[in-house]
Amino acid sequence: MFRDATSMAQAVRNKQVSPLELVLETIEKAEWLNPRLNAIVSTRYEEAIEEAKKFQVKNQPFAGVPLFLKDLGQEKEGTPCTYGSCLFKDYICHETSHFVKRLEELGFIILGRTNTPEFGYKMVSDAQLHGSVCHFLDETVNAGGSSGGAAAIVAAGISPMSAASDGGGSIRVPAS
């Protein structure tokens, strides 16, 4: 429906589309494409749907826009965050990080987490815990890393934006 997050938010503010419609559309695309990509490793779809139903449109720059978090340090209370590691496969966040709080204040609705290599350590997303992220155009090619899951869902059109991180090319490599 929309190609970028600012257009989505503008449509929400203009009442052309509801946050719920955007969330449901994003979930539909994710469920259709993720089995091929392996980009999304955990979801909170039910919670996101409820948040979208109750969303209060104010003047947020990204009002009602669906967003996925990287599975590496972007903590949201009550959600799993594995850091791509078997050591943290059962870890549930006890609090929400400042970064995620700010994303929510900007109007984003969090749908889940994207795949990353263990502790973001390498430039390919192939964690033992979750497996490899496939490139959206060629399933035989890794999407890169460490924000490979984030780049894959944007490239595939699941979501116009995804939270990532970059310390040495972690989003620049898979986004290029």
Residue among His135, Pro174, Leu106 farthest towards the positive dipole end of the stretch 38-176, charges placed on Cβ: Leu106
Ranked packing of 118-131, 139-152, 68-81, most packed first, by mean Cβ within 10 Å: 139-152, 68-81, 118-131
For the stretch 27-176, what is one quarter of the convex hull surface built on the Cα atoms, given in nm²? 8.4 nm²
Dipole of the stretch 5-175, Cα-centred, from +1 at each Lys and Arg C-beta and -1 at each Asp and Glu C-beta, to the nearest 20 debye? 440 debye
Quick calc, the stretch 95-176, dipole around Cα centre from Cβ unit charges on Lys, Arg (+) and Asp, Glu (-), nearest 20 debye, gives 140 debye
Inter-label distance for Ile92 and Val141, nm, one decimal - labels placed 7 Å from Cα along Cα-to-Cβ: 4.0 nm
Net charge near Gln74: determine it from the other residues with C-beta under 15 Å of the C-beta of Gln74, scoring Lys and Arg +1 and Asp and Glu -1. -1
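Coordinate-derived values only; no laboratory data. The model shown is predicted, which means the values in this text are computed figures rather than measured ones. Note that each Cβ is placed from the backbone with ideal geometry, even for glycine, and that neighbours are counted across all protein chains shown.
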